1. Checking residue 480 against (1) closer than 28 Å to residue 381 by Cβ; (2) touching a residue at least 12 places away in the same chain (Cβ under 8 Å); (3) surrounded by fewer than 15 Cβ atoms within 10 Å (Cβ to Cβ), only one condition comes out false. Which one?
2. Given 624, 572, 586, which one is under 24 Å from residue 507 (Cβ atoms) and outside any helix (DSSP H, G or I)?
3. Of all residues in segment 148-192, count the ones that are at pLDDT below 85 and either surrounded by fewer than 16 Cβ atoms within 10 Å (Cβ to Cβ) or within 14 Å of residue 307 (Cα to Cα) (or both).
4. Within segment 459-511, work out how many residues are in a loop (DSSP other than H, G, I, E, B) and within 46 Å of the chain's Cα centre (by Cα).
5. Looking at segment 659-675, I want the residues that are without any contact (Cβ under 8 Å) to a residue 60 or more places away in the chain and have a partner that is assigned to a helix (DSSP H, G or I) with Cβ atoms under 7 Å, at least 6 apart or on another chain. Which pairs are those?
6. Find the residue count for segment 232-245, including only residues that are surrounded by 14 or more Cβ atoms within 10 Å (Cβ to Cβ) and either touching a strand residue (DSSP E or B) at 6+ places or on another chain (Cβ under 9 Å) or touching a residue at least 24 places away in the same chain (Cβ under 8 Å) (or both).
7. Would you mention how many residues in segment 528-564 are surrounded by fewer than 18 Cβ atoms within 10 Å (Cβ to Cβ) and part of a helix (DSSP H, G or I)?
8. Among what's in segment 574-586 and is under 26 Å from residue 410 (Cα atoms) and more than 26 Å from the chain's Cα centre (by Cα), pick the residue that is surrounded by the most Cβ atoms within 10 Å (Cβ to Cβ).
């Protein structure tokens, strides 16, 4: 056939001559795809806007597909034999295709499972489509492969719709103005399929437990099927008044179901977040919107116009359904928000607002510094053992993890863990900066945060350096040699210097610090989602072994500490294991933690004595530690803040206003960023 030639040579004459309603279905489907392609992309030698067929004055206001559709209908008006042939072909396609899937399946996942949907979309990207199908929903994606198709379908006016309806009616021998609804039967079947899906999804335990009980008192999901059957019977019987009553009742039920589904996120704090659950909620709400669109087509005053809008929306959701990026960005946004909110609750404890809080932060940070001093010596011990890279990283990670967990259990502080937790708390304050009072409150919180962070760093470093140095000097006085020798001290001077890649490694460590906060939020969410606290407190076997009171205390302890333990254990093992794993694949990245690095430099002072202060390498290490602290804190804070802002949908449109407010406070009250108010 002529229309099967290269795309650049398609023309309307070849398409009209090739219209054969008696051809096999695959050829008819392919002809329809070629016709729609002709509407979108003219051949080089065909007429374009500005010619007699396409007036130039119409070109700026009307999309090219609409202009070419008008031209096609004008040609068919002048050639009745082609008009009847095309009418018969289009009606034969509709007759031989299963159209139910177009209304009930396009844009929806066959199974409410995120990873199954991901695999399906990946296959759609990798495998070509085919015109040899009897499923109109599958063919639809081939007919409208471009996102711009939504625009011209939505722009179809009543005149074009009337002419297209008249064209389809030719095959039935009806007069051009006679109304026809060849799409009614599959649309009704699709409506029933959608109602069934919504009803079954709303009655599943995972969603039902998370919906508002008040909104489910009248059992709207259970009544959907009966209301739908009443509407369909009335429509098929032509009983207009009964159909109107049934339609109003069905719409009321759908509204109740939509509000119940929208209440699911409100109860996620109690039941935990699951991307599969949120995916199910989105699919349920999308199906309710599709049902509303079908009802507009079936019972609206302008069914052809509503059908055009429905087809335009099908193009949009069809492209969204194929987008892998849209899938993950949409369904992980709520999970990111809940993780950020859980981190925000923890982060509030790291922000000091008065002198009492400030002194407590100093004490907690000092305790953390004391533990890190011991961690420093254990790290040197692991290095001396000369283990393989993986085992050395494992035991280093175990050392870090144990130290961090002890600090957590003693309610002490490691300064570098603060930013990833405090950033989500800051994001909450950014929601209210529209007013001057809200902006000033945010600046107050910035001052509180910086002051708290400085207190954490001072407390850590003020203890870890003297303690490590003191142990070195005591060992040297008692045994003649320090715990950490000169060879290891020179290694420290070589590795921590600002002239090397220390700043890169410090930024990488900031990423690991941020990642540990995500692990903490995920672990707490998993704990709540699977109701582990209830399982510990009320499991008969556990109660028999521990007793009811002890089981309840144990459950409450895990609820309060699961996030902190997950964060500290994950951070410790990431600091120890990630570098050797990356080195194995050719990425020689190391970790640079400001508190640990300070302890190592103090150990080097104890090994080399006061002569170290005359070495330029020492002062380059001091500068390197300053940069390490800045990047540890800055990178983890910025990453956590970006996730928190994105998960809440906050966009800083007026960054200069926020920056200006902070700068004015620094000039007016610089002391507030360093010391708490009296």
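1. Unmet condition: (2).
2. The match here is 586.
3. Qualifying residue count for the region: 13.
4. Within segment 459-511, residues that are in a loop (DSSP other than H, G, I, E, B) and within 46 Å of the chain's Cα centre (by Cα) number 5.
5. Matching pairs, first to second residue: 666/673.
6. Number satisfying all stated conditions: 3.
7. Going residue by residue through segment 528-564, those that are surrounded by fewer than 18 Cβ atoms within 10 Å (Cβ to Cβ) are 529-532, 534-535, 538-550, 552-554, 556-561.
Cutting the leftovers down to part of a helix (DSSP H, G or I) gives us 529, 532, 534-535, 538, 540-546, 548-550, 552-554, 556-561.
Of the residues in segment 528-564, 24 are surrounded by fewer than 18 Cβ atoms within 10 Å (Cβ to Cβ) and part of a helix (DSSP H, G or I).
8. Among them, the one singled out is 575.
The values are calculated or read from the model by the stated rules, or taken from the named source; none is laboratory data. What you are looking at is a predicted structure, and each value in this text was computed from that prediction instead of being measured. All Cβ positions, even for glycine, are placed from backbone atoms using ideal geometry, and neighbour counts span all protein chains on display.
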